[in-house]
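Report on the structure given below.
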Amino acid sequence: LCSRDALDGLHLDYIRFLERPAGIDYGYDARTLELYRKSTGKKPQDDAKAWDDWRRAQITAFVREIRAVATHGGRPLPLTAAVIAARSKAHRELFQDYALWVKQGLVDRILPMNYSDSLAEFEATLQDILKHVPREKVATGVGLYKHSDPRRSIEQIFRGSM
């Protein structure tokens, strides 16, 4: 795609594990378990933290691979990623280490899906992100569909762009 088409950039969506409905945890297929065992010599139940760290590293490795090929005509393409706004949840449960991605230059900008009707919750989530990611690397997503009052949308768009 990058070598064939004149793209202006790439955007990654769902660059994470799926949310765990009803306690379902992903990554226990035979191939993944084999790769984990070859990499660590362990089974997931041997060390839950190591298992989670390894899965997080796999997502980061995939982002790194995309960054490596995201070029056109010898120039790097801008690369962005939609991310879960609740940073601790993104890191702990969905294995998105987006602060690391920005720090290592793997993505040029993150687009946190900061979808809340509450202005206070919206701002608190944004401030938590900004403790870990420079402001110029963040373009906050606003959940317009959650707002019964259009003024809330305007407030969040304004606050998210400051």
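The values are calculated or read from the model by the stated rules, or taken from the named source; none is laboratory data. Since the structure is predicted, the reported quantities are computational estimates derived from the model, not experimental observations. Note that we place each Cβ from the backbone using ideal geometry, even for glycine, and neighbour counts take in every protein chain shown. Ligands, DNA and RNA are excluded from the accessible area calculation, which covers all protein heavy atoms including side chains. Shrake-Rupley method; radii C 1.70, N 1.55, O 1.52, S 1.80 Å.
Side notes on the structure shown:
- Note that the range 27-121 presents 52 Å² accessible area per residue, ligands and nucleic acids not counted, probe 1.4 Å.
- Note on the range 23-88: with neighbouring protein chains present and a 1.4 Å probe, carbon and sulfur make up 57 percent of its accessible heavy-atom surface.
- Cβ charges +1 (Lys, Arg) and -1 (Asp, Glu), total dipole of the range 6-162, debye: 380 debye
- Computed accessible area, R16, all protein chains, 1.4 angstrom probe, square angstrom: 30 Å²
- Pairs spanning more than 21 Å between alpha-carbon atoms, out of K103/K146; K103/K137; K42/K103: K103/K146; K42/K103.
- Among 98-109, 115-126, sorting by the average number of other beta carbon atoms lying within 10 angstrom of each residue, highest first, gives 98-109, 115-126.
- In percent, rounded to a whole number, the relative contact order of the chain is 22, using alpha-carbon pairs under 8 Å and six or more apart.
- Modelled this way, with points 7 Å down the Cα-to-C-beta line, the labels at K131 and R20 are 2.3 nm from one another.
- Residues A139 and D29, FRET efficiency given R0 of 41 Å [Cβ-Cβ distance, rounded to 0.05]: 0.75
- From helices alone, the chain scores -13000 deg cm²/dmol at 222 nm; the rule is -39500 (n - 2.57) for each run of n ≥ 4 DSSP H residues, then divide by the residue total.
- The range 63-155: radius of gyration over Cα atoms, expressed as a fraction of 2.2 N^0.38 Å: 1.19
- Candidate cross-link partners of K38 among the lysines, defined by an alpha-carbon separation under 23 Å and a same-chain spacing of 8 or more, comprise K49.
- Net dipole in debye of the range 56-95 [+1 Lys, Arg Cβ; -1 Asp, Glu Cβ; about Cα centre; nearest 20]: 140 debye
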